[in-house]
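**Q** Supplied in structure tokens, the structure appears directly below.
The values are calculated or read from the model by the stated rules, or taken from the named source; none is laboratory data. It should be emphasised that the depicted structure is a prediction, and the values quoted were computed from it without experimental measurement. FYI the Cβ positions are ideal-geometry reconstructions off the backbone, even for glycines, and counts take in every protein chain you see. Calculation scope for accessible area: heavy atoms of the full protein, side chains included, ligands and nucleic acids excluded. Shrake-Rupley method; radii C 1.70, N 1.55, O 1.52, S 1.80 Å.
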Amino acid sequence: VPGDGDDVIELFENGSAIDTFGVLGQDGSGTLWEYLDGWAYRRGDMQPNGTFFSLASWVFSGKNALDGDSSNAQTPNPFPARSYKQAEGMSSEPCPTPPPFTCKPIIAGVMSAPAAGSQLSVVEVFFPCLTTDASE
């Protein structure tokens, strides 16, 4: 995913936005949601929001939190990869098998980090209806 920490990320299903990180039509540079060389991760008690973005739905590392770090494991404030858990009581749809799934995925986290002279960007997507880890 190209990006440098000030980009809007949208997740689509059948041509419709089902989740958004960032304010549509806005360059995130200098905004409260900028995550240049840092990350943002969704709070477990917040549901997907279509095209509406709310800062209150996210926890942020702070801009430049990953500067000078060579790996996520070595940074004092690591990207919390694969740690998203929906809070108890949040709605979750049953997942049919086999795919296609009917549950709606959500953006769990975004990260931007310097990598060998370029910029690495990561988007973590969570599928609430899966009972096993699908990220591997």
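**Q** Return the distance in nm (one decimal) between the two label points of a simple spin-label model at Asn72 and Asp27, each offset 7 Å from Cα along Cα→Cβ.
**A** Distance between label points: 2.9 nm.
**Q** To the nearest 20 debye, what charge dipole does segment 1-51 have about its Cα centre, counting +1 at the Cβ of each Lys and Arg and -1 at the Cβ of each Asp and Glu?
**A** Details: 2 positive and 10 negative charges, 45 e Å.
It works out to roughly 220 debye.
**Q** Let me ask something else. What ranking of Ile9, Ile107 comes out by heavy-atom accessible area, probe 1.4 Å, highest first?
**A** On the way: Ile9 25, Ile107 0 Å².
The ranking, largest first, comes out as Ile9, Ile107.
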